[in-house]
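Step one of this worksheet: look at the structure below.
The values are calculated or read from the model by the stated rules, or taken from the named source; none is laboratory data. The model shown is predicted, which means the values in this text are computed figures rather than measured ones. Cβ placement follows ideal geometry from the backbone for every residue including glycine, while neighbour counts extend to all protein chains displayed. Quick note on the areas: whole protein, heavy atoms, side chains included, nothing else; ligands and nucleic acids left out. Shrake-Rupley method; radii C 1.70, N 1.55, O 1.52, S 1.80 Å.
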Amino acid sequence: MGLQTVCFDTKPYDLPGLTKYGEEAGVSFRFLETKLNAHTAALAEECGAKAVCIFVNDRADRAAIDRLCSAGVKLIALRCAGVNNVDMAYAEGKISVIRVPGYSPHAVAEHAMGMLLSSVRHLHKAYARTRDFNFSLRGLTGIELYGKTVGVVGTGRIGRVFAELCRGFGMRVLAYDKFPDPASGLCYVPLEQLLAESDVISLHCPLTEDTRHLIGRESISTMKPGVVLLNTSRGALVDTAALLEGIKSRRIGAACMDVYEEEADVFFEDRSDDILQDDTLARLLSMPNVLVTSHQAFLTREALDTIARETCFGIRRFFEGEKEKMRGTS
């Protein structure tokens, strides 16, 4: 039977890799489309699962963790890098948590660069026009990245790869991180200086209590007029209401968002036949200088393969370690 694991919020693109590597690692998955929360955690008990596998919009809060623990679940395996949707402090000593921290920094960094290029050269607008046989260039005048200053907030693997891409375009790179890496070769400056001097600001930091709404009214007010803001990390890094104000006042010249702080009930789903209930998101999408993708930055064949492999063998390694502990106490 293998190690029984319930996989929540499963999408079609998850299945090939998890099935393949699950067989190799001896992990038996039950795939569910529903998201993990305090109510759906009971589904793990129904099949006697010892582990659950979750994604970015599943919610492992206190109530969900208690429910999982009472069902005998020993492990939460995140098939992503961030852990902001898990109450890590509460999980300590109750249930173990593993993640995939470095599945593909290039996938996310390249998507961020693609969004930036599309935004400043209006590629998405040009594509839509020519599909309607409209070949006018009116309103498509862009800006060059060469010589511009980019501020990279968060210099982990993704942030460093994005910085290298920007250097390749001849951009001046400023960096900010709570824990600077002296070996990175980056020019670290205070966040206030980065916000004030950057023509482009790209967010690559984790979501914590310290970084929640890192970009808000106060920080936006210090930015250069016309700044381009990119977020391919976590939606709640940006106060969306403040972002809208910044766009309307033209302080923010363009916004490229692969994440959104209230994305859980919208992203990854086909809502084309629905009336969008999120008025804030609808306002963002209506603005000509806003480019939104639905948490797509990670979605490459290479990244999916790595995520599936590391998740499956991570589950296996955890339970092999548990067996060793049991042998050591017998």
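Data table
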{"quantity": "Debye, to nearest 20: dipole size of the chain, +1 on Lys, Arg Cβ, -1 on Asp, Glu Cβ", "calculated": "660"}
{"quantity": "Hydrodynamic radius by Kirkwood, which averages 1/r over all alpha carbon pairs of segment 19-69, in angstrom", "calculated": "11.7"}
{"quantity": "Mean ellipticity per residue at 222 nm, deg cm²/dmol - from DSSP H runs of n ≥ 4 across the chain, formula -39500 (n - 2.57)", "calculated": "-11500 deg cm²/dmol"}
{"quantity": "Karplus-derived HN-Hα couplings along segment 302-311 (A = 6.51, B = -1.76, C = 1.60, θ = phi - 60°), whole Hz, x at Gly and Pro", "calculated": "5, 5, 4, 5, 5, 4, 5, 4, 5, 5"}
{"quantity": "Per residue accessible area of segment 62-150, 1.4 Å probe, in Å²", "calculated": "54"}
{"quantity": "Accessible area of segment 161-284 belonging to carbon and sulfur atoms, whole % at 1.4 Å probe", "calculated": "50"}
{"quantity": "Whole-Å semi-axes of the ellipsoid equivalent to the chain (Cα gyration tensor, √5λ, descending)", "calculated": "38, 22, 19"}
{"quantity": "Relative counts (whole %) of C-alpha pair distances in segment 41-151, using bins that are 10 Å wide", "calculated": "12, 29, 16, 16, 16, 10, 1"}
{"quantity": "Descending semi-axes in whole angstrom, ellipsoid equivalent of segment 1-98, from the Cα gyration tensor", "calculated": "20, 14, 12"}
{"quantity": "For LYS74, distant residues with modelled amide H under 5 Å away", "calculated": "ALA51"}
{"quantity": "Positive-pole candidate from LEU243, GLN277, PRO105, dipole of the chain, charges at beta carbon", "calculated": "PRO105"}
{"quantity": "Percent RCO, i.e. relative contact order, over the chain, from Cα pairs under 8 Å lying at least 6 residues apart", "calculated": "16"}
{"quantity": "Per-residue HN-Hα couplings for segment 98-104 [Karplus 6.51, -1.76, 1.60; θ = phi - 60°; Hz; x = Gly/Pro]", "calculated": "10, 8, 10, x, x, 5, 5"}
{"quantity": "Computed FRET value (nearest 0.05) for TYR13 with ASP66, which takes r as the C-beta separation and R₀ as 25 Å", "calculated": "0.20"}
{"quantity": "Gap separating the Cα centres of segment 50-106 and segment 1-29, nearest whole Å", "calculated": "16"}
{"quantity": "Label point distance in nm, SER294-ALA282, each placed 7 Å from Cα along Cα→Cβ", "calculated": "1.7"}
{"quantity": "Lone cysteines, the chain (no partner Cβ under 4.7 Å)", "calculated": "CYS47, CYS69, CYS80, CYS166, CYS187, CYS205, CYS256, CYS312"}
{"quantity": "Enclosed volume per residue, in Å³, of the convex hull spanned by Cα atoms of segment 175-302", "calculated": "128"}
{"quantity": "Cα gyration tensor category, rounded, prolate or oblate, for segment 170-250 with a/c compared to 1.5", "calculated": "oblate"}
{"quantity": "Top positive-direction residue, dipole computed over the chain with Cβ charges, set VAL56, GLY17, SER202", "calculated": "SER202"}
{"quantity": "Charge sum, other residues only, whose C-beta stays under 13 Å from MET115's C-beta, Lys/Arg counted +1 and Asp/Glu -1", "calculated": "-1"}
{"quantity": "Test item: Cα-centred dipole of segment 1-140, Lys/Arg +1 and Asp/Glu -1 on Cβ, debye", "calculated": "580"}
{"quantity": "Accessible area of segment 1-116 belonging to carbon and sulfur atoms, whole % at 1.4 Å probe", "calculated": "51"}
{"quantity": "Between segment 239-315 and segment 154-219, the Cα center-to-center distance that results, in Å", "calculated": "20"}
{"quantity": "Full-extension gain in nm, GLU197 to GLU24, via 0.36 nm per residue minus C-alpha separation", "calculated": "57.2 nm"}
